[in-house]
Amino acid sequence: MSTDGLAARVRNALSRGWTFRRPPHAFVLTEDRLVHVSLPREARGVRPVGGASVSSRDLPPGTFREGPAGLPVAGPGLGQALSSLLSPKDRLTAASLAVPDRFVKAATVDLEPGAQKRPKELAEMLRWKVSRLYGEPAPELRITWCEAGAAPDGGTRLLVLASPEETIASLEAAFLGHGIRIGALEPAALAVSAIASLALAGTGLVVFTDGPNVSTVFLEKGAVRFLRTRATAADPDQALQEIRLAAAFVGGASADGSGLDMSGEVVVVPASAPASIRFREFLMENGGREPMSLLPTLRTLGFPQWGEDTAPLVGVGLLQGVG
């Protein structure tokens, strides 16, 4: 999704240590705010001990207009919010950016053995597959993909991410207007998963509520295997059903038909979201494990708990790993 490419991030970053070859600056775009998370200079390149600096600005009215497939396109308001966040001392030339989960659509695609040996045909086929998520006519898309396990017939399963080119280009342009190149750009759920992966020892389920959307992420040995985002946050029971469907798709269905392997570790963010509460109830009713807290992991990394505001956590996730 970015000029550096998201595929390497999805494949590798979740299993890496705190190495900060990424820029020590991350921006988190929410539906109504722009949040800047940065490391103090003395903490860069080592495990941080002083925490991060977090600042935010509300987005001016009319920051976004409706673009292709109903997704937002950024206007001058985003640049205005960025200007008010940066101080004269800030000399940023590169940063990472997280966007709301709804900005990105994800699909899993199973390839026949040998399909990856034909890269041009593969790219065309993936673009066609993911374009169907946007209806007809599909907009020009920015896409990226990574391996997400084995396909049932012995081929390769890919996770493909896509967003309208106009949407992504408008975000990049706002930062370039201030001399900042966006290297890594990813949905908020993947950024949170970088921290959750540490708590889960690389393998488990992450359920992230982002505004009206609930995203389900499956991690295996530090790699993302599955991502699904659905606008179900307003209906906890529907959100639970989507989580169970996702579990069944990736092979996590249990023998008792509950639709989820109750022995696995899970993280839910934020814990107070109605979808998170309903999911925890379901786990407890069916003999599952209590969701894991991210607080011990954050403390180990030198960061405080930020309560129910998930934007700082998303920003820390952006800083984690190698882009």
Count of residues meeting criterion [within 22 Å of Arg22 (Cα to Cα), outside any helix (DSSP H, G or I) and of a type outside the set (Val, Ile, Thr)] in the range 89-114: 10
For Gln305, indicate whether it is free of Cβ contacts under 8 Å to residues at least 40 places away in the same chain and either over 18 Å from the mean Cα position of the chain (by Cα) or open to solvent by less than 30 Å² (accessible area, probe 1.4 Å) (or both). yes
Taking the range 235-260 and the residues there that are buried (at least 17 other Cβ atoms within 10 Å of the Cβ), at pLDDT 70 or above and aliphatic (A, V, I, L, M), the one that is nearest to Ala223 (Cα to Cα) would be Val250
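Residue by residue, here is whether (1) closer than 25 Å to Asp309 by Cβ; (2) surrounded by 19 or more Cβ atoms within 10 Å (Cβ to Cβ); (3) at pLDDT 95 or above holds:
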| position | (1), (2), (3) |
| --- | --- |
| Gly5 | no, no, no |
| Ser15 | no, no, no |
| Arg33 | yes, no, yes |
| Ser38 | yes, yes, no |
| Arg41 | yes, no, no |
| Ser53 | yes, no, no |
| Leu71 | yes, yes, no |
| Pro76 | no, no, yes |
| Arg91 | no, no, no |
Considering only the range 283-318, how many residues are more than 14 Å from Val54 (Cα to Cα), in a loop (DSSP other than H, G, I, E, B) and among the hydroxyl-bearing types (Ser, Thr, Tyr)? 1
State which residue is most open to solvent (accessible area, probe 1.4 Å) when the search covers only the range 111-126 and only residues that are under 15 Å from Thr144 (Cα atoms) and charged (D, E, K, R). Lys120
Does Arg91 count as of a type in the set (D, E, K, R) and closer than 22 Å to Thr30 by Cα? no
Considering only the range 202-224, how many residues are surrounded by fewer than 21 Cβ atoms within 10 Å (Cβ to Cβ) and within 23 Å of Ala151 (Cβ to Cβ)? 5
Which one is nearest to Leu205 (Cα to Cα), of the residues in the range 284-312 that are touching a strand residue (DSSP E or B) at 6+ places or on another chain (Cβ under 7 Å) and hydrophobic (A, V, I, L, M, F, W, C)? Met292
Residue check for Asp153: over 30 Å from Gly307 (Cβ atoms), open to solvent by 60 Å² or more (accessible area, probe 1.4 Å), in a loop (DSSP other than H, G, I, E, B) and touching an Asp or Glu at 6+ places or on another chain (Cβ under 8 Å): yes
When the range 152-166 is examined, which residues are found to be more than 18 Å from Arg228 (Cα to Cα) and either at pLDDT below 95 or touching a helix residue (DSSP H, G or I) at 6+ places or on another chain (Cβ under 6 Å) (or both)? Pro152, Asp153, Gly154, Gly155, Thr156, Glu166
Somewhere in the range 127-146, is a residue at pLDDT below 90 and open to solvent by less than 10 Å² (accessible area, probe 1.4 Å)? yes
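Quickly run through the range 156-182 and pick out the residues that are part of a helix (DSSP H, G or I), in contact with a Gly (Cβ under 7 Å, 6 or more places away or on another chain) and buried (at least 20 other Cβ atoms within 10 Å of the Cβ).
Within the range 156-182, Thr167, Ala174 qualify.
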Any idea which of (1) modelled with pLDDT under 90; (2) assigned to a helix (DSSP H, G or I) is the one Ser263 doesn't satisfy? (2)
When you scan the range 115-141, how many residues do you find that are without any contact (Cβ under 8 Å) to a residue 40 or more places away in the chain, part of a helix (DSSP H, G or I) and either closer than 16 Å to Lys105 by Cβ or within 23 Å of the chain's Cα centre (by Cα) (or both)? 9
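The values are calculated or read from the model by the stated rules, or taken from the named source; none is laboratory data. Small disclaimer: the values here were computed from a predicted structure and weren't measured. Positions of Cβ are generated from backbone atoms using ideal geometry, with glycine treated the same way; all protein chains shown enter the neighbour counts. We work out accessible area using only protein heavy atoms, side chains counted, and drop any ligands, DNA or RNA first. Shrake-Rupley method; radii C 1.70, N 1.55, O 1.52, S 1.80 Å.
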